[in-house]
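Written below as structure tokens is the structure these notes are about.
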Amino acid sequence: MNKTTISHFQLGVLLFVFMTGSSIINIPGPLIARAGNAAWLSLMLSGACGFLVLAMLLFLHNRFPGLTYIDYSRKLIGNTMTVILGFLPLSFLFHMQSAIVVDVGLFMVSSMLRETPLYAFTLPVFLIAGLTARAGLEVIARMFTLIMLLTAFSISAVLLLAIPDFHPNMLLPVLPKGFKAVLHGAFLTFGFPYVEVFLFGMLIPFGVAQNQKKASRALYIALGLNIFILCISTVSAIMVYGSYAGERPYVLFALARLVEFQEIIQRIESIIGMSLILGSYMKVTITIYVISVYLSKMFMLKDNSKIIMPIALFGFLMGLVAFDGSTQWAGLVATVHPVWAGCVFFLPLVLLTVIAAFRKPGSTANKNNAQK
Amino acid sequence: MWERILVMVIAFGGVLVYDGITLRKKVTAGEKAIYAIMLVIGLYMAMDYVANQDWFDVYDLVEPVLGGVSKQIDNMLKVDWES
């Protein structure tokens, strides 16, 4: 595979855009429906799980510098077990890439273009995401830094302009039904987006090796910033709509509709629509790239870029045939998704971390040197 | 049905033409094998879509295995906001 490197800052940007991209639009409404006014507590709880996943990935990367999840999995549990266990995350990765783009399509169909077929949105997004992923990780990192600034500015502008509509008294009471609501919300946000930090097990090695500490710091800061921004968005939604926010699946979009400034700036919800599309595009591009690296490592291919376009095509087709209706989709994402991700991402990662923790560092380091 | 066939022709055709031009004589045997497997599975999904059927997919595998547990956890954590 070609030697691709990105800086620690770019790695942090990729994690930030990946985690925040589509979740800032999709998460607040359903989260508030589950956790009520304590939605921000759910985010903190599931965010802590995200930090745990990241800590495990960085521990494994420190133990096996320059190796991806598949590579150190081979060293820890052998080739056969790696391939067998490797298919489990693959199922969820393919589901993820189609889910991200189907969400864009569902948003567009439910909010604006009700008669337009889903493929009219999913096909262009997959096409552009596939071509971007084909361009390589360096291009992705450079491009997404600029797009991230644009998206962050747009969402910040909406939240700032909505301040006159805030009613802080709507934030209380925080726990009217006890802590169980917090756990219910955390169950949702654990599955989407925090356990998805796992994908960076395939990207961390592309960060500059000599800046290991800087890369770790950048990733922790990116994840912390993501939690902070999601909390701000959720709290803003509660301050505007109260408990009614839970009945709106795209609450930031609804919030943007209310913004009115000096009768000049009105109905700016299209900015949120644009931010969702950009965020989802960035997230699906990273996912497609990760799947290509994952498959190439698993099957020992030389170049991951050759299989990127069929992966994008696969995601497009899966979005068409697997989507059987909004209710089934909502149930899948809210209920099955967290358990599925937990089983195929979290548990194998915990297993590898425990095995690596009990293995002598010397023995694995000698094997690393022998391999090199 | 013709609309769906057209969508599939555009999707598959676009990918194959693009890769055919850019990857000509640059693909190893392993990469070709993975590419072919993905195309075959893609063709299965394409036929499912064109025929407007509901053939077996990954969710039909996952929901029976994890659906029950997921629902139980969700019901256990669900709060009745009405009462």
Taking the alpha-carbon distance from residue B:71 and a cut-off under 29 Å, which lysines remain once sequence neighbours fewer than 8 residues away in the same chain are dropped? A:177, A:180, A:283
Give the aspartates and glutamates whose C-alpha is closer than 19 Å to that of residue B:25, dropping any in the same chain fewer than 8 places away, or say none. A:303
When the charge dipole of the protein assembly as shown is computed with +1 at the Cβ of Lys and Arg and -1 at the Cβ of Asp and Glu, the Cα pointing farthest to the positive end, of A:300, B:18, A:24, is that of A:300
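Rounding to the nearest 20 debye, state how big the charge dipole of region B:2-55 is about its Cα centre with +1 on each Lys and Arg Cβ and -1 on each Asp and Glu Cβ. Write down the numbers at each step before the final one.
Values: 5 positive and 5 negative charges, 80 e Å.
Magnitude of the dipole: close to 380 debye.
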Please give me the summed charge of the neighbours of residue A:97: other residues whose Cβ is under 15 Å from its Cβ, Lys and Arg +1, Asp and Glu -1. -1
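If you put +1 on each Lys and Arg Cβ and -1 on each Asp and Glu Cβ, how big is the dipole of the protein assembly as shown around its Cα centre, in Debye rounded to 20? Write out the running numbers ahead of the final one.
Numbers: 31 positive and 23 negative charges, 435 e Å.
Dipole magnitude for the protein assembly as shown comes out near 2100 debye.
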For chain B, build the charge dipole from Cβ charges (+1 Lys, Arg; -1 Asp, Glu) around the Cα centre, then report which of B:76, B:37, B:66 sits farthest towards its positive end. B:37
If I model a spin label as a point 7 Å beyond the Cα along the Cα-Cβ vector, how far apart are those points for residue A:77 and residue A:262 in nm? 6.0
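If you take every residue apart from residue A:193 with its C-beta less than 15 Å away from the C-beta of residue A:193, what net charge results, scoring Lys and Arg +1 and Asp and Glu -1? Write out the running numbers ahead of the final one.
Details: positive: A:283; negative: A:103, A:196.
So the surrounding residues net to -1.
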Between residue B:28 and residue A:110, with labels modelled 7 Å along Cα→Cβ, what's the label distance in nm to one decimal, could you check? 4.5
Residue A:291: net charge of surrounding residues, Cβ under 15 Å, Lys/Arg +1, Asp/Glu -1, itself excluded? +1
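Once the Cβ-Cβ distance between residue B:47 and residue B:69 is put in as r, and R0 is 30 Å, what FRET efficiency do you end up with, to the nearest 0.05?
Efficiency for this residue pair is about 0.40.
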Work out the mean other chain Cβ neighbour count within 10 Å for the residues of A:92-102 and drop it here as an integer. 1
Anyone know which of A:327, A:287, A:151 comes out most mobile in the 10 Å Cα GNM of chain A? A:327
Region A:205-313: which trypsin sites (Lys or Arg not before Pro) are DSSP loop and have at most 14 other beta-carbon atoms within 10 angstrom? A:267, A:302
So the FRET efficiency between residue A:300 and residue A:347, C-beta based with R0 = 30 Å and rounded to 0.05, is 0.75
In whole angstrom, the spacing between the Cα centers of region A:100-139 and region A:1-51 equals 20
Roughly how many nanometres apart are two label points built 7 Å out from the Cα toward the Cβ at residue A:359 and residue B:56? 3.6
Selected from A:70, A:268, A:163 as most flexible by GNM, with chain A as the system and alpha-carbon contacts under 10 Å: A:163
Please name which of A:176, A:136, A:159 has its Cα lying farthest along the dipole of the protein assembly as shown towards the positive end, using unit charges on Cβ (Lys, Arg +1; Asp, Glu -1) and the Cα centre as origin. A:136
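With charges set only on the Cβ (+1 for Lys and Arg, -1 for Asp and Glu), what does the dipole of region A:207-346 come to about its Cα centre, in debye to the nearest 20?
680
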In chain A, which helices (entire DSSP H runs) extend 27 Å or more along their own long axis, judged by Cα positions, while averaging at least -0.5 on the Kyte-Doolittle scale? A:39-63, A:79-111, A:137-161, A:212-241, A:269-298
Checking A:312, A:162, A:357 against a Gaussian network model of chain A (alpha-carbon springs below 10 Å), the top fluctuating residue turns out to be A:357
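Values quoted throughout were computed directly from the atomic coordinates according to the rules given, and no laboratory measurement underlies them. Nothing here was measured: the structure is a model prediction, and the numbers come from that model. Virtual Cβ from ideal backbone geometry, glycine too; neighbours counted across all protein chains shown.
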